[in-house]
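To start, the structure itself, in structure tokens.
The values are calculated or read from the model by the stated rules, or taken from the named source; none is laboratory data. This structure is a prediction, so every number in the text was calculated from the model and none was measured. When we count neighbours, we look across all protein chains shown, and the Cβ atoms used for this are built from the backbone with ideal geometry, even at glycine. In case anyone asks, the SASA skips ligands and DNA or RNA and just uses the protein heavy atoms, side chains included. Shrake-Rupley method; radii C 1.70, N 1.55, O 1.52, S 1.80 Å.
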Amino acid sequence: TISKWLAKQAKTNGEVAFTCGMVHNIGEMLIHIVAPEIAVKIDKFVESGGDRVALEDNNIGFDYVMVGEELARRWNFPVDIQQAVKFQNTPTTQEPCEKLTAVLFLAKKIATLQAEELAIEEISAQIPENILNISGISKDSFSSKLPELSDLSSGMEEIIG
């Protein structure tokens, strides 16, 4: 939902962004199915501040981003979705960095900050301006629309709850 909300501001396809948001961590789910014991151990280290990608790579030889990209490829998702999944954690390493990748990165960042129950101003302050620029969203516009997110999340709670 956050990806779709950001896509509207970025003037890019909201349904494609929504799909990216839905599948971005499908690799993590598959790792939990294939190697549940290792996945649970990794989850505990991540909760303590560990880097999921590094932990998965060191313990099983691949990470959720690699698995997600491969699944997106095998499922014949468009290349822009495959690439957004691949570069979701490191958008500036994509050459050139695509708007969809920036939107997915920002959506993940916002979701993480919301989970920490930060105030809107604190969330805004922690959003990297260079990634906003790649997405085509100005910092001022982003900050002014950020209060809309509380309405989005409350609507999701009603649907899920």
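Going through (1) assigned to a loop (DSSP other than H, G, I, E, B); (2) more than 14 Å from the chain's Cα centre (by Cα) one by one, S150 falls short only on (1). Taking the numbered list (1) part of a loop (DSSP other than H, G, I, E, B); (2) under 20 Å from V23 (Cα atoms); (3) out of contact with any Asp or Glu (no Cβ under 8 Å at 6 or more places or on another chain); (4) open to solvent by 60 Å² or more (accessible area, probe 1.4 Å) in turn, R73 passes all entries but (1). When restricted to residues that are surrounded by fewer than 18 Cβ atoms within 10 Å (Cβ to Cβ), over 14 Å from the mean Cα position of the chain (by Cα) and part of a helix (DSSP H, G or I), the stretch 15-36 contains 7.
Residues considered: A107, A72, A102, A84. Of these, the only one that is at pLDDT 95 or above, small (G, A, S) and closer than 19 Å to I31 by Cβ is A72. How many residues does the stretch 132-149 contain that are free of Cβ contacts under 8 Å to residues at least 24 places away in the same chain and basic (K, R)? Residues that pass the stated criteria total 1.
Quick check on my filter: what residues within the stretch 38-62 are outside any helix (DSSP H, G or I) and closer than 20 Å to T112 by Cα? Give the steps one after another, and end with the answer.
Residues of the stretch 38-62 that are outside any helix (DSSP H, G or I), as a first pass: 48-51, 61-62.
Scanning the stretch 38-62 gives S48, G49, G50, D51.
Among the residues in the stretch 114-128, are any closer than 30 Å to P78 by Cα, touching a Leu at 6+ places or on another chain (Cβ under 8 Å), modelled with pLDDT under 95 and surrounded by 15 or more Cβ atoms within 10 Å (Cβ to Cβ)? Yes, the stretch 114-128 contains at least one residue that is closer than 30 Å to P78 by Cα, touching a Leu at 6+ places or on another chain (Cβ under 8 Å), modelled with pLDDT under 95 and surrounded by 15 or more Cβ atoms within 10 Å (Cβ to Cβ). Residue-level check: of (1) over 18 Å from the mean Cα position of the chain (by Cα); (2) under 24 Å from I2 (Cβ atoms); (3) of a type outside the set (S, T, N, Q), E95 misses just (2).
Matching residues to (1) under 25 Å from P147 (Cβ atoms); (2) among the hydrophobic types (A, V, I, L, M, F, W, C):
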position	(1), (2)
G50	no, no
D57	no, no
I60	no, yes
Y64	no, no
A72	no, yes
V79	no, yes
Q83	no, no
A119	yes, yes
E129	yes, no
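The set of residues in the stretch 37-52 being open to solvent by 30 Å² or more (accessible area, probe 1.4 Å), of a type in the set (A, V, I, L, M, F, W, C) and in contact with a helix residue (DSSP H, G or I) (Cβ under 6 Å, 6 or more places away or on another chain) consists of I38, F45, V46. In summary, A10 fulfils each of the numbered conditions (1) touching a residue at least 12 places away in the same chain (Cβ under 8 Å); (2) loosely packed, with under 14 Cβ neighbours inside 10 Å with the single exception of condition (2). If I filter the stretch 103-122 for residues that are in contact with a helix residue (DSSP H, G or I) (Cβ under 9 Å, 6 or more places away or on another chain), of a type in the set (D, E) and not in a helix (DSSP H, G or I), do I get at least one hit? Yes, the stretch 103-122 has at least one match.
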